[in-house]
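The values are calculated or read from the model by the stated rules, or taken from the named source; none is laboratory data. Only a predicted model underlies this, so the values are computations on that prediction, with no experimental measurement involved. With ideal geometry, Cβ positions are generated from the backbone for all residues, glycine too; neighbour counts draw on all protein chains shown.
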Amino acid sequence: MENLMSTRKRYKAAGASAAIATFALFSAPGASAQADTSGWQCQFCPFPKEYRAEVEVGATGVSDDALRFGNASGYDESGAYIDLGGEGHYTKDGYQLNWFAEDLGLSSRVFEIDGGHQGKFGFYLGYNELPYRLFDTTSTVFTPSSGDTLGLPAGWVPASLTSGFTALSTSLQPVNIESDRQTLAAGGDFRASSDFSVFVDYRHQQRDGIDIVSGANFVQASLLPRMLDFETDLVDIGVDYSNGPLNLSLAWFGSFFKNNANSLTWDNPFTPFPGAEQGRMAQEPDNEFQQFSLSGTYRTDALDSVVAFSAAMGQGKQTEQLLPYTINPTIAAVALPRPNLDGKVDTTNYAISLTSKPISKARVKLAYRYDERDNKTAQELWSGVVVDGFQSADSEMNTPYSFQRGRLSVSGDYRLFDDLRLSAGYDRTDLERDFQEVADQTEESSWGRLRWQALSWLDVTAKGGTSRREIDRYDTAVAIAYGQNPLLRKYHLAHRYREFGEVMMSVTPADKPFSIGLSALMADDSYSKSQLGLTDSKNTHISADLNYSLSERASVYLLGGYELIEAKQRGSASFSTADWQAEHEDRFDHYGVGLQLRQLRENVDLTLDYLRSDGTTGIVMIESGAGSAFPDLKSELDSLRLNVNYRKSERLGIDFSLRYESFAAMDWALDGVEPDTVATVLTLGADSYNYDVWVFGASFRYLMGEK
């Protein structure tokens with residue numbers, strides 16, 4: 001039986017009763033669960049021959065609670081799950097309708113439906129959810145008294161250090177750091193005439209849950225479990241025109257973000273300044289962005305050329321009402337310069353490219369793109385109240401960052417011989433910024449590529465190049481105004497010279513039962529003019545894979561990879577010249593093996609996969625010629641998957657799956673750090689990930705309609 005299901009996940013439920021009920025739906029009259037199913041058919045739904053669908057239902061069991069294992073999938077708790085999904089297709093007289101369902105009822109559910117008539121109209125409707133799971137080892141003393149307020153328990157005793165929190169142990173309550181995103185999407189297109197069509201796309205996203213923010217109390221701080229309640233609406237409406245060699249699209253795009261909790265207020269667990277028993281901070285403000293765009297292509301027989309262009313103008317706005325400087329009643333109220341930021345950012349983007357084939361063996365491309373961000377938010381002097389504790393003597397002015405960026409690209413491709421192709425390119429990017437240490441910056445890159453197909457079964461590609469980023473000057477006056485060491489060079493603003501190379505080889509002999517793939521990548525960045533900051537960075541990556549057919553029914557694969565990232569930086573503890581250096585080394589290794597057996601027995605297929613991945617990060621500090629190392633950061637992942645597919649008949653199939661995953665991490669920034677371990681920081685006590693999970697599932701697939 002052909003399997004229409006593209007992917008499979010699991011739908012959580014109380015047990016397997018729904019699976020049994022659905023099992024019975026497709027049984028013949030009077031049939032039992034043990035009866036022969038070769039002649040089964042749906043008793044309640046006569047399907048026309050134009051309709052074809054496959055439904056899947058089953059049960060899955062998860063052995064242990066593991067929140068991080070459930071990230072994106074929903075398997076965050078032990079227990080029974082139901083596997084429920086399917087897809088179908090209906091076509092008649094040029095009309096078609098398609099549907100797809102997966103994880104219905106689970107926190108990773110997906111449902112999609114689309115259809116229409118070719119050349120006349122089309123539509124789609126979809127809904128999906130995505131769970132994000134971070135920590136289930138966290139606990140807090142804070143409880144939400146409303147959507148935007150966190151309170152302390154009754155009887156809480158403030159102290160200047162966490163060691164003085166006498167009510168801490170009895171007040172801690174578990175809290176999971178997790179959130180869910182729901183997306184509803186709808187849209188369609190309609191061809192009004194042979195040349196014109198209109199389209200509309202709409203998406204509504206909602207995110208709710210709990211994440212972590214930091215609330216400060218001068219020299220102390222608390223990690224707070226804040227509630228999330230975000231909504232985003234995205235709309236794209238436009239008109240397409242197509243006539244001969246010309247295609248045009250005129251569109252309007254809108255993005256509208258709403259935060260249903262624009263501030264967060266929390267009780268201060270530390271001994272407060274007078275009147276600072278509570279703190280308050282602003283959250284992500286409501287904002288919107290709208291843009292008009294015109295894009296298109298034009299094809300001409302002259303030199304077999306294509307011209308593509310686009311132009312867009314947009315504006316972002318943020319007019320959320322500002323919070324007062326402080327909620328501390330002992331501090332004299334100071335009027336804000338204006339009631340809201342009245343933020344405005346204008347964007348301009350345009351691009352044009354020309355692709356031509358001047359001769360049969362060559363193709364060239366010339367492209368230019370310009371992007372501008374013009375921040376028109378007015379500048380004001382703002383007074384300061386430090387963490388709702390005391391009035392600052394200084395005033396600060398908001399900085400409306402803007403930039404202009406232009407990029408020119410030239411590339412060409414030439415077939416020197418039938419088995420040898422040469423390519424080369426040059427890119428230049430010019431960047432101008434406001435209110436930053438580097439006002440003007442230029443980066444030039446050049447690269448070359450060679451592809452050699454010496455034999456029908458051998459394909460070798462090699463690519464290499466260099467990139468140089470230059471700056472007009474580093475304005476130390478701007479750095480000093482921001483309280484920075486004038487010798488520091490931010491890595492994205494500093495002079496940089498980069499060399500990179502890549503080699504890929506593919507071996508696929510037609511008369512041999514194997515294929516081999518190899519790749520190697522190297523990149524070396526040098527920040528030779530930086531006295532403080534990042535000075536060197538290297539990246540090396542090597543991977544290989546082998547596929548081997550043991551017979552017509554059996555095949556195996558092997559894969560492995562290695563990646564090493566090295567970086568060096570210099571710093572100064574005395575706000576002067578470099579007096580310490582840090583060396584970072586990140587190493588990642590992975591390897592895997594797999595086996596596929598087709599028709600192991602009659603109508604039985606088996607697939608087995610195993611993957612192992614290890615990661616290690618080492619950090620060495622060198623000061624006064626002596627080195628000391630932080631404990632290594634480590635992670636280990638083992639993943640085993642076994643799938644057995646049994647075709648009971650042309651319409652009925654049964655799938656069995658077994659999965660094991662083990663993940664363990666060592667992170668000195670988390671391990672052993674309890675809520676009161678740091679004297680001046682009340683944490684949530686998160687632990688590194690460490691879990692072992694077994695997952696077993698069995699499901700039935702049934703094909704309806706034409707075989």
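Figures for the structure shown
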| item | result |
| --- | --- |
| Strands (runs of 3 or more DSSP E) wholly inside region 224-343 containing at least 1 residues that are farther than 27 Å from residue 179 by Cβ, of a type outside the set (A, V, I, L, M, F, W, C) and under 31 Å from the mean Cα position of the chain (by Cα) | 246-259, 287-300, 305-318 |
| Close pairs (6 angstrom Cβ cut-off, 6 or more residues apart or separate chains): among the aliphatic types (A, V, I, L, M) and modelled with pLDDT of 95 or more in region 220-247, buried (at least 16 other Cβ atoms within 10 Å of the Cβ) and not in a strand (DSSP E or B) anywhere | 223/683; 223/684 |
| Yes/no for residue 657 being out of contact with any Cys (no Cβ under 9 Å at 6 or more places or on another chain), of a type outside the set (A, V, I, L, M, F, W, C) and crowded, with 17+ Cβ neighbours inside 10 Å | yes |
| Test: residue in region 559-571 that is of a type in the set (Asp, Glu), surrounded by fewer than 15 Cβ atoms within 10 Å (Cβ to Cβ) and within 29 Å of the chain's Cα centre (by Cα) | no |
| Residues that are crowded, with 17+ Cβ neighbours inside 10 Å and either under 15 Å from residue 611 (Cα atoms) or over 32 Å from the mean Cα position of the chain (by Cα) (or both), drawn from region 663-690 | 663, 676 |
| Test for residue 359: is it aliphatic (A, V, I, L, M) and without any contact (Cβ under 8 Å) to a residue 12 or more places away in the chain | yes |
| Residues within region 64-82 that are hydrophobic (A, V, I, L, M, F, W, C) and under 27 Å from the mean Cα position of the chain (by Cα), tallied | 4 |
| Residue match in region 185-193 (condition: farther than 25 Å from residue 683 by Cβ, among the hydroxyl-bearing types (Ser, Thr, Tyr) and at pLDDT 95 or above) | no |
| Identity of the residue in region 495-532, assigned to a strand (DSSP E or B) and of a type in the set (Phe, Trp, Tyr), that ends up nearest to residue 554 (Cα to Cα) | 514 |
| Filtered residue count, region 156-178, keeping only those that are in contact with a helix residue (DSSP H, G or I) (Cβ under 9 Å, 6 or more places away or on another chain), touching a residue at least 60 places away in the same chain (Cβ under 8 Å) and assigned to a loop (DSSP other than H, G, I, E, B) | 3 |
| Matching entry among 638, 614, 609 (being exposed (fewer than 15 other Cβ atoms within 10 Å of the Cβ), of a type in the set (D, E, K, R) and at pLDDT 95 or above) | 614 |
| Count - residues of region 613-667 that are of a type in the set (Lys, Arg) and either out of contact with any Ser or Thr (no Cβ under 6 Å at 6 or more places or on another chain) or closer than 21 Å to residue 62 by Cβ (or both) | 4 |
| Count of region 372-405 residues which are more than 30 Å from residue 220 (Cα to Cα), part of a strand (DSSP E or B) and out of contact with any Lys or Arg (no Cβ under 7 Å at 6 or more places or on another chain) | 6 |
| Residue in region 41-62 that is among the polar types (S, T, N, Q), closer than 25 Å to residue 705 by Cα and modelled with pLDDT under 50 present | yes |
| Members of region 446-497 that are β-branched (Val, Ile, Thr) and surrounded by fewer than 18 Cβ atoms within 10 Å (Cβ to Cβ) | 460, 461, 466, 476, 478, 480 |
| Number of positions in region 79-127 that are on the phi > 0 side of the Ramachandran plot, surrounded by 16 or more Cβ atoms within 10 Å (Cβ to Cβ) and not in a strand (DSSP E or B) | 1 |
| Residue match in region 468-491 (condition: of a type in the set (S, T, N, Q) and part of a helix (DSSP H, G or I)) | yes |
| Residue in region 400-409 that is over 30 Å from residue 273 (Cα atoms), surrounded by fewer than 15 Cβ atoms within 10 Å (Cβ to Cβ) and free of Cβ contacts under 8 Å to residues at least 24 places away in the same chain present | no |
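A quick yes/no check of all residues on (1) of a type in the set (A, V, I, L, M, F, W, C); (2) within 24 Å of residue 469 (Cβ to Cβ); (3) more than 35 Å from the chain's Cα centre (by Cα):
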| position | (1), (2), (3) |
| --- | --- |
| 378 | yes, no, no |
| 385 | yes, no, yes |
| 388 | no, no, yes |
| 404 | no, yes, no |
| 409 | no, yes, no |
| 416 | yes, no, yes |
| 421 | no, no, yes |
| 424 | yes, yes, no |
| 430 | no, yes, no |
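Quick grid of which residues meet (1) over 30 Å from residue 164 (Cα atoms); (2) surrounded by 15 or more Cβ atoms within 10 Å (Cβ to Cβ):
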site: 210; (1), (2): no, yes
site: 221; (1), (2): no, yes
site: 231; (1), (2): yes, yes
site: 241; (1), (2): yes, no
site: 259; (1), (2): yes, yes
site: 270; (1), (2): no, yes
site: 284; (1), (2): yes, no
site: 296; (1), (2): yes, yes
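For (1) in a strand (DSSP E or B); (2) over 30 Å from residue 640 (Cα atoms); (3) modelled with pLDDT under 95, each residue gets a yes or a no:
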residue	(1), (2), (3)
552	no, no, yes
557	yes, no, no
564	yes, no, no
584	yes, yes, no
594	yes, no, no
